[in-house]
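Contents: one structure, followed by commentary.
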Amino acid sequence: MKRMAVIIYGPQGSGKSTQAELVSRQFGLVHFDTGAVLRDVLYDPKNQENPEIQKHRAVNEAGGLNDPEFVLTIVSERIQTMMESGFGVVFSGSPRTMYEAFGTDTVDGLFTLLELGCGKEHVHIFFIALDTSKATQRNEKRFGCPVCKRQYLPTHSSDGEERLCPICSHPLEVRADDTPSSMVKRLEEYRTRTTPIFDDLKKRGYQLHEINGDQKPYEVFSDIKHFLH
């Protein structure tokens, strides 16, 4: 199978990470979760005395998008290493800003790196469409495992029963940036800073596949697979 890159966009709560994980397993790609990578940097004990890192952490916890230059630097280094090692990649929600996506005349954006590593014809882009009210509802129920870094929407629970990660059994937690106010801010940031990327992608010759996000995860995955075979 040819090396490829898959980018899955959608509002917070649309299931991007779930779909990226499924694509990763089905097609042998590395799931590059930019948010998780950033949180690893922001919450690394070695960085707790670094004022610059703590400034970025405060922005992240408030629901804002981190500085694009900061994000692109971290992402580019890791992606170049992966591509040079022969790995394909799937992203969940990244790149999030025009700068991260396309860079400048002197700085390569993520799409340039992916074109160089895979070839433009092997870069596949999806948009999971989901109503804002449903996205907000899902976010309010979301839990994460601090060990596995996986996120879950529990299908059932009992009052007082501790929710455990099905992978490692660590208690699931609500993310620090999953407060109601930060959810509203993240959805607005997505609308104003991420969705403008879509028109530019079309102008650059990319096809953006829209997927109905108001389905069960396996149905969404089936729709995505249709375009990857």
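The values are calculated or read from the model by the stated rules, or taken from the named source; none is laboratory data. From a predicted model like this one, the values you see are computed outputs, not experimental measurements. Methodologically, a virtual Cβ is constructed for each residue, glycine included, from the backbone with ideal geometry; neighbour enumeration extends over all protein chains shown.
Could you pull out the residue among Glu61, Glu77, Glu100, Glu84 that is at negative phi and crowded, with 20+ Cβ neighbours inside 10 Å? Within the list Glu61, Glu77, Glu100, Glu84, the selection yields Glu100. Residue check: Cys168 meets all listed conditions (1) modelled with pLDDT under 80; (2) not assigned by TED's automatic domain parsing to the domain that holds Phe32 but one, namely (1). Please enumerate the residues belonging to the stretch 196-214 that are of a type in the set (Lys, Arg) and out of contact with any Phe, Trp or Tyr (no Cβ under 8 Å at 6 or more places or on another chain). Selection gives Lys202, Lys203. In this structure, does Phe32 turn out to be assigned by TED's automatic domain parsing to the domain that holds Gly119, surrounded by fewer than 21 Cβ atoms within 10 Å (Cβ to Cβ) and of a type outside the set (A, V, I, L, M)? Answer is no for this residue. For the stretch 68-87, the candidate set comprises residues that are under 16 Å from the mean Cα position of the chain (by Cα) and not hydrophobic (A, V, I, L, M, F, W, C); within that set, the residue that is farthest from Ser24 (Cα to Cα) is Pro68. Only one of the listed residues (Ala101, Ala58, Ala62) is of a type outside the set (S, T, N, Q) and closer than 30 Å to Gln215 by Cβ. That residue is Ala101.
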